[in-house]
Amino acid sequence: MTTLTSDARPVEIEAARRRSIAVISHPDAGKSTLTEALALHARAIDEAGAVHGKGNRAGVVSDWLEMEQKRGISITSAALQFAYGDVVINLLDTPGHADFSEDTYRVLTAVDAAVMLLDSAKGLEPQTLKLFEVCRRRGVPVITFVNKWDRPGREALELCDELEERINLRPTPLTWPVGEAGRFLGLLDRSNGEVRTYRRAPGGASLAEETVLSPQAAADALGEDHTEAVEGVQLLDPVDRASFLAGTTTPMLFGAALANIGVRQLLDAVVDLAPAPNARPDVDGGDRDVDQPFSGFVFKMQAGMDPNHRDHVAFIRVCSGRFERGMVVTHERTGRPFATKYALSVFGRERATVEDAYPGDVVGLVNASTLAVGDTVFDSAGPRVRFPPMPVFAPEHFAAARVADPGRSKQFRKGIAQLEQEGVVQVLISEARGDGNPILAAVGPLQFEVATFRMEHEFSAPIRMETLGLSLAREAAASDIETIAGYPGVEVVRRGDGTPLVLLRDVWHARAFERAHPDVPLIPLVASG
Ligand code: GDP
């Protein structure tokens, strides 16, 4: 059935023209630069530099985000939406700081494809690898963009080998550089053999001037380098959409985001290859088709974005139907109605009211303190649906938290519960410690800073944190838990849902434990969901 209102196109047509993606990369690979370049090409903004505005910060910045400012990092996970021809691209921001947190992973539950951005001189870096693993586990197909080809770097074929060997991902190039990194002469289009040469725009502030050479003209003008590029690209298979969607191959492109080189080709690849929003599985084993009434799930919570009003914004990925501001939706977990009068779209730092949204789009719901990460909302007039819970990502940092002023214990408990609900940190309970205080667990230490800041400023319950010398969580068979709890150097804790976890110092200690106790296996945490 199609939800149709007078002025709207059918939902399935709106869904089919959407591409919802995220860029995964290691800090400094050029994610902000690429984001700006993508938006520039799509003409959403006039000049690169206006979106994230590093060093040019303006707009809405709340008081608790002063921390973000001080550190010069972006905690706010925003979605950028722009039209490219008839296609609407939703580019979801993955916070990219070295202390990145679960937020970064969760964004990947809300996209249909990812762009893996590599620095040509560095190839696969630790955070790229971590994020790629999440994509692979969740079946998110990946397009690879090798950036900074204007600077000296590695050889194209060497980078291709690295993908195959380290992550078992077969690159299928769409473009290929003529001239090695740092001596960039042009970009070969594999589909027709044309070569584009570029004249860089000063400062990268506008589109680079492009000249298209026919294969023959390119051969004449670029000689040996052209021959080498043509021979190089032929060593690799051409793009194959089925294996890309299955996660075994990656369409690969080269360029320089700073000079806006190769960025249009990347946009075209996203449009041509990335899947449009599609039916989403629910927990009952069914599928919610895009043309069913509105539904979506919360993939991120953000507190205190507006300094004048301590609000909570829940970012929803629309899965089906048309969202209209003001419609009444049901919060699936509580069964309660939720008003959507204050729905936002978030463009960089600016907030704007959103009137309607379609599958693949992101909507921010204000006053959402009852919503939790992973919750489903759906059109109260339509059938009920529940999407699978947010996966739990393996924490690597652990700290015992206690209230600084015992007189604030009530606020402390309330605050910790709220932070757990929002997914700011994971909250674990240790019976062995016996003090009733929680152990906070995080993917990145930045999450602790956010928790500490909010406990003090929002709940008026400053906390003391004692970092534990542990970096690994494992599961174990329920029957083994009691035995394990008796061993030195391990700590047994419980999640809010009662699941026991075994905490260890590091992987070496886990291996030593397993060698000493081969009959007590420790099970690596698999992100569930
Ligand atoms: P992020 O940390 O991934 O968001 O990276 P940024 O976009 O902030 O870029 C990191 C640095 O790399 C900045 O100094 C950029 O100007 C630079 N950079 C990004 N793309 C390119 C490129 O294509 N060529 C060159 N030479 N530098 C680039």
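Cβ-Cβ contacts under 9 Å between residues 6 or more apart (or on different chains), taken from a first residue in segment 138-157 that is under 16 Å from GLU228 (Cβ atoms) to a second residue that is charged (D, E, K, R) and more than 15 Å from the ligand (Cβ to nearest atom), are listed as ARG154/GLU162. Within the option set GLU165, GLU133, being closer than 30 Å to GLY360 by Cα, assigned to a helix (DSSP H, G or I) and either within 11 Å of the ligand (Cβ to nearest atom) or without any contact (Cβ under 8 Å) to a residue 60 or more places away in the chain (or both) holds for one residue only, GLU133. Restricting segment 108-122 to residues that are in contact with a Pro (Cβ under 9 Å, 6 or more places away or on another chain) and either without any contact (Cβ under 8 Å) to a residue 24 or more places away in the chain or farther than 17 Å from ALA246 by Cβ (or both), the residue that is surrounded by the fewest Cβ atoms within 10 Å (Cβ to Cβ) is ALA121.
Here is a yes/no grid of residues against (1) at positive phi; (2) in contact with a helix residue (DSSP H, G or I) (Cβ under 7 Å, 6 or more places away or on another chain); (3) away from the ligand (no atom under 16 Å from the Cβ):
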position: HIS226; (1), (2), (3): no, yes, yes
position: GLY232; (1), (2), (3): no, yes, yes
position: THR248; (1), (2), (3): no, no, yes
position: ALA259; (1), (2), (3): no, yes, no
position: PRO277; (1), (2), (3): no, yes, yes
position: ASP284; (1), (2), (3): no, no, yes
position: ASP289; (1), (2), (3): no, no, yes
position: PRO293; (1), (2), (3): no, no, yes
position: PHE297; (1), (2), (3): no, no, yes
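When you look at VAL87, is it in contact with a Lys or Arg (Cβ under 6 Å, 6 or more places away or on another chain) and modelled with pLDDT of 85 or more, yes or no? Yes; evaluated as a whole, the condition is true for this residue.
Could you say whether any residue in segment 30-47 is part of a loop (DSSP other than H, G, I, E, B), within 16 Å of the ligand (Cβ to nearest atom) and modelled with pLDDT of 90 or more? Checked against the condition, which is being part of a loop (DSSP other than H, G, I, E, B), within 16 Å of the ligand (Cβ to nearest atom) and modelled with pLDDT of 90 or more, segment 30-47 yields at least one hit.
Return yes when VAL385 is within 30 Å of ALA279 (Cα to Cα), touching a Phe, Trp or Tyr at 6+ places or on another chain (Cβ under 7 Å), in contact (Cβ under 8 Å) with a residue 60 or more places away in the chain and not aromatic (Phe, Trp, Tyr) and no when it is not.
yes
Restricting the first member to segment 16-40 and to residues that are of a type in the set (D, E, K, R), and the second to residues that are within 12 Å of the ligand (Cβ to nearest atom) and part of a loop (DSSP other than H, G, I, E, B), the beta-carbon pairs closer than 7 Å and six or more apart or on different chains are LYS31/SER25; LYS31/GLY96; GLU36/ALA48; GLU36/GLY49; GLU36/VAL51; GLU36/HIS52. For segment 107-124, the count of residues that are part of a helix (DSSP H, G or I), closer than 18 Å to LEU525 by Cα and under 15 Å from the mean Cα position of the chain (by Cα) is zero. Looking at GLU431, GLU422, just one residue is in contact (Cβ under 8 Å) with a residue 40 or more places away in the chain, charged (D, E, K, R) and under 27 Å from ALA485 (Cβ atoms), and that residue is GLU431. The set of residues in segment 447-480 that are aliphatic (A, V, I, L, M) and over 25 Å from HIS509 (Cβ atoms) comprises VAL450, ALA451, MET455, ALA461, ILE463. Taken across segment 204-222, residues that are touching a Leu at 6+ places or on another chain (Cβ under 6 Å), part of a helix (DSSP H, G or I) and at positive phi do occur, with at least one present. Please tell me if ARG264 is basic (Lys, Arg), more than 23 Å from GLU133 (Cα to Cα), assigned to a helix (DSSP H, G or I) and within 15 Å of the ligand (Cβ to nearest atom). It is true that ARG264 is basic (Lys, Arg), more than 23 Å from GLU133 (Cα to Cα), assigned to a helix (DSSP H, G or I) and within 15 Å of the ligand (Cβ to nearest atom).
Of the residues ARG384, ARG413, the single one that is surrounded by 15 or more Cβ atoms within 10 Å (Cβ to Cβ) and charged (D, E, K, R) is ARG413. Taking segment 139-162 as the range and being under 20 Å from GLY30 (Cα atoms) and away from the ligand (no atom under 16 Å from the Cβ) as the test, the residues that pass are VAL142, ILE143, GLU155, CYS160, GLU162.
The values are calculated or read from the model by the stated rules, or taken from the named source; none is laboratory data. Treat the numbers as computed from the prediction; the structure is a model and nothing was measured. Note that we place each Cβ from the backbone using ideal geometry, even for glycine, and neighbour counts take in every protein chain shown.
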